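A.B. asks: To start, I am sharing the structure in question, which I have written as structure tokens.
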Amino acid sequence: MTSTGGTVSETAGAVTGTGGTVVVDGLLVVRGGNEVLPGVSCSVQPGTVTGLLGPSGCGKTTLMRAIVGVQRIAGGSVQVLGMPAGSAPLRGRVGYRSQASAVYADLTVAENLRYFAAVLHAPASDVDRALADVDLAPQANQLVGSLSGGQLARVSLASALLGAPEVLVLDEPTVGLDPVLRRDLWALFHRLADAGITIFVSSHVMDEATRCNRLFLMRTGRFLAEDTPAGLLRQTGADDIETAFLRLIDAAREREGASA
Amino acid sequence: MNPRITLATAGRVLRQLRHDPRTIGLLLVVPVVLVTLLRLVYDGKPQIFDRIGAPLLGVFPLITMFLVTSIATLRERTSGTLERLLTMPLAKLDLLLGYALAFGAFAVLQVAIATAVALGPLGLHVAGPAWLILVLAVANAVLGTALGLFVSAFAASEFQAVQFMPAVILPQLLLCGLLLPRGQMQTVLRWVSNALPLSYAIDGLTRVTSTPGVPGAVLADLGIVLGCIVAALGLGAATLRRRTA
Ligand SMILES: Nc1ncnc2c1ncn2[C@@H]1O[C@H](COP(=O)(O)OP(=O)(O)O)[C@@H](O)[C@H]1O
Ligand SMILES: [Mg+2]
């Protein structure tokens, strides 16, 4: 830590402190022979809505899988709530909504949620609460296989809201949803964060960035920036996050070109 | 492991089945049709039907539960539900035993219907008690489920999963003693046969066919089948990884 000096991770560590609900340090992930995450570091602060933004294929899902402990990792460490990611005491304290819907198509919405609630040892009333949270109560007794894409996405999200998770890892939860619903869900995320839950949410849609307290901008397995939305605009002199992101990419490309 | 989660998992698997009446119908009706066909094929030779009827009642649940389980668990892997469950406080054994319980319970119904039809209208004669056929056949069903759970780890698609049926089950069927008594096989084949779980289930059912009461040898056969179930579930647990590439 002392000899190597100002790497990005240490700078970020200095800003955010060593604490953090999620602390990723030098995470190395190899998938299909490629270094998908070539040693990344970041930390997610408690009670915030932290966004992970980047184009599809940049490694968002891989990072989230590492945080919930289902991704095989080749190096580095991931700590969640002070414990190694995926360790037994964390199961149930970390809610995960994977990018795949991960629900049973041949069960009804309520049957799906009741099963996951039973596994989590959550009270039965959680099912109704989660259904109301994602505005899916009218579909409770419909087979999941017959839902529309947006409804399916919401069943999946509802399953992650069961029990009493302290951390929610949500992989593109608002994809394919209409604007009203998206606004409602982001309001829900902030309500949950205000109640002390840490939300780590990914998106490849830049206009969602402004709804986050903090942002990680990612490109091909690396972080381009870690800041508040306002800080990013200030740092790049851009008017919106999309422009800011493009400027950061151009700057990164120039550095790569210079070093090549 | 947690009995509450195991039972919730078994209930969930049965609930999935309940939403699929066609599969339920096939699982219950096909064994009855096949055992009836067998009776008709050996219409002039009831002694042959009597010899192989009970053993075959134990083969159907092995095949069907193997297929149903390997496809069901493959779906859990590909749909992401397995990954979600493994982030939750669910032990691998909760999942494996949940499946074994659910399909074992369903097999009780499947075997009871086929056995009742065989012993009643089709006039199958066995010396031993009918409930012993049920016990051995249900053990076979659970063995099928346990093997299905294990091999699904090696299947990346439904196409591959169904190919494991001829690969894993048919050799056992060829060598279990139904075609040729195991005592008459070449030495090497007999050794192989001795190492395959279905051989003991069929030995047991053959003994029930010819011997009244509950011979100790049948209980020994049953014990071996149960041991194979435990071993297959253990292998299934070993191939179920929380972390994947
Ligand atoms: N199972 C896998 N095997 C090999 N490569 C994979 C696998 N899953 C994802 N990848 C690759 O890893 C990279 C990052 O993928 P991912 O984390 O899913 O990105 P994102 O979620 O940002 O779209 C991509 O290049 C993708 O092709
Ligand atoms: Mg993704």
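The values are calculated or read from the model by the stated rules, or taken from the named source; none is laboratory data. These numbers were taken from a predicted model, which means no experiment stands behind them. Note: ideal-geometry Cβ built from the backbone for every residue, glycine included; neighbour counts use all protein chains shown. Note: areas computed on protein heavy atoms with side chains; ligands, DNA, RNA excluded. Shrake-Rupley method; radii C 1.70, N 1.55, O 1.52, S 1.80 Å.
A.B. asks: At 1.4 Å probe size, with the rest of the protein present, what percent of the exposed accessible area of chain B is carbon and sulfur atoms? Please report the intermediate quantities before stating the final value.
C.D. replies: Details: 7330 of 10380 Å².
Carbon and sulfur together cover 71 percent of it.
A.B. asks: While we're here: Can you give the accessible area buried between chains B and A, summed over both chains, with a 1.4 Å probe, in Å² to the nearest 100? Don't skip to the answer; put the middle values down first.
C.D. replies: On the way: alone 11840 and 12280 Å², together 21300 Å².
Answer for the B-A pair: about 2800 Å² buried.
A.B. asks: Can you list the residues in segment A:64-85 whose accessible area drops by at least 40 Å² when all protein chains are present, compared with the chain alone? Use a 1.4 Å probe, heavy atoms only.
C.D. replies: SASA drop of 40 Å² or more in segment A:64-85: A:65, A:70, A:72.
A.B. asks: How long are the semi-axes of the equivalent ellipsoid of segment B:1-104, defined as square roots of 5 times the Cα gyration tensor eigenvalues? Whole Å, largest first.
C.D. replies: Working: eigenvalues 257, 37, 22 Å².
They are 36, 14, 11 Å, listed from largest to smallest.
A.B. asks: Next up: Nearest 0.05, what FRET efficiency do residue B:36 and residue B:1 give at R0 = 30 Å with Cβ-Cβ as r? Kindly include the intermediate steps, with their values, before the conclusion.
C.D. replies: Numbers: r = 42 Å, r/R0 = 1.39.
According to the calculation, E is roughly 0.10.
A.B. asks: Between residue A:242 and residue B:158, how high is the FRET efficiency from 1/(1 + (r/R0)^6) when r is the Cβ-Cβ distance and R₀ = 56 Å? Nearest 0.05. Spell out each step's value before the answer.
C.D. replies: Values: r = 41 Å, r/R0 = 0.73.
The computed FRET efficiency comes out at 0.85.
A.B. asks: Quickly estimate the mean residue ellipticity at 222 nm for the protein assembly as shown, helices only: each DSSP H run with n ≥ 4 gives -39500 (n - 2.57), and the total goes over all residues, rounded to 500.
C.D. replies: Details: 19 runs with 281 residues, N = 505.
Calculated at 222 nm, the ellipticity per residue is -18000 deg cm²/dmol.
A.B. asks: Please list, short to long, the whole-number percent of alpha-carbon pairs of segment B:114-188 in consecutive 10 angstrom bins beginning at zero.
C.D. replies: Pairs per bin, as whole percents: 15, 31, 35, 18, 2.
A.B. asks: So, one more: With every protein chain present, what accessible area does residue B:224 have (1.4 Å probe, heavy atoms only), rounded to the nearest 10 Å²?
C.D. replies: That residue has around 70 Å² of solvent-accessible surface.
A.B. asks: Any idea of the accessible area per residue across the protein assembly as shown, 1.4 Å probe, to the nearest Å²?
C.D. replies: Values: 21300 Å² over 505 residues.
Value for the protein assembly as shown: 42 Å² per residue.
A.B. asks: To the nearest 20 Debye, how big is the dipole of chain A about its Cα centre, given +1 on the beta carbon of each Lys and Arg and -1 on that of each Asp and Glu?
C.D. replies: Numbers: 21 positive and 25 negative charges, 92 e Å.
I would put it at about 440 debye.
A.B. asks: Could you compute the FRET efficiency for residue A:180 and residue B:26, with r as their C-beta to C-beta distance and R0 at 41 Å, rounded to 0.05? Please report the intermediate quantities before stating the final value.
C.D. replies: Working: r = 44 Å, r/R0 = 1.08.
Result of the calculation: an efficiency of 0.40.
A.B. asks: Quick check: pseudo-label points 7 Å beyond the Cα along Cα→Cβ at residue B:243 and residue B:217, how many nm apart are they?
C.D. replies: For residue B:243 paired with residue B:217, the spin-label model returns 5.2 nm.
A.B. asks: Once fully extended, how much extra length lies between residue A:250 and residue A:146, figured as 0.36 nm per residue of separation less the alpha-carbon to alpha-carbon distance?
C.D. replies: On the way: separation 104, 0.36 × 104 = 37.44 nm, distance 4.40 nm.
Extending this stretch completely gives an extra 33.0 nm.
A.B. asks: What part of the accessible area of segment A:166-260, given as a whole %, is carbon or sulfur when the probe is 1.4 angstrom?
C.D. replies: Details: 2290 of 4590 Å².
Its accessible area is 50 percent carbon and sulfur atoms.
A.B. asks: Provide Rg and Dmax in Å for segment B:3-239, with only Cα atoms included in the calculation.
C.D. replies: So, for segment B:3-239, Rg and Dmax equal 17.8, 59 Å respectively.
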